[in-house]
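The values are calculated or read from the model by the stated rules, or taken from the named source; none is laboratory data. Predicted, not measured: the structure shown is a model, and the values here were computed from it. Heads up, the Cβs are rebuilt from the backbone with ideal geometry, glycines too, and the neighbour counts pull from every protein chain shown.
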Amino acid sequence: MKIWFLSLALVVGTINSPLLSADHYHEQSDQVIQWLEAGKVLPFEALIKRHSKQLEGRLLDLEIEEEDGRIIYELELLRADSIVYEIKIDAQSGEWLTEEIED
């Protein structure tokens, strides 16, 4: 299950699916707020502080998704080398999971 961060997407200027309704975004945002309040996920700001060196660049996209019972932040980051990287970070522990070049 993927959950889009509408507010962050608007700040970054990236919305990947204009077909999704405002109600859908609201429902998804409510789920993220519940996870934050329940302590199931770390705030994204905490991950930025923890991985500041690795997250240098321009954030193009941010999603939070649940995969096999694990909640994961998935980012697309444009670094100084002009390459877009897809990065996955465990949303509960903050563990850096994967980093690969985006196709």
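Observations on the structure shown:
- Any pair with Cβ under 6 angstrom, 6 or more apart, that starts in the range 59-72 at a residue that is under 15 Å from ILE87 (Cβ atoms) and touching a residue at least 24 places away in the same chain (Cβ under 8 Å) and ends at one that is part of a strand (DSSP E or B) and among the hydroxyl-bearing types (Ser, Thr, Tyr): ILE64/TYR73
- Exclusive hit being over 23 Å from GLY39 (Cα atoms) and at pLDDT 95 or above, set GLU86, GLU102, GLU56: GLU86
- In the range 71-97, the residues that are part of a loop (DSSP other than H, G, I, E, B) and either over 14 Å from the mean Cα position of the chain (by Cα) or among the small types (Gly, Ala, Ser) (or both): ARG79, ALA80, ASP81, SER82, ILE83, ALA91, SER93, GLY94
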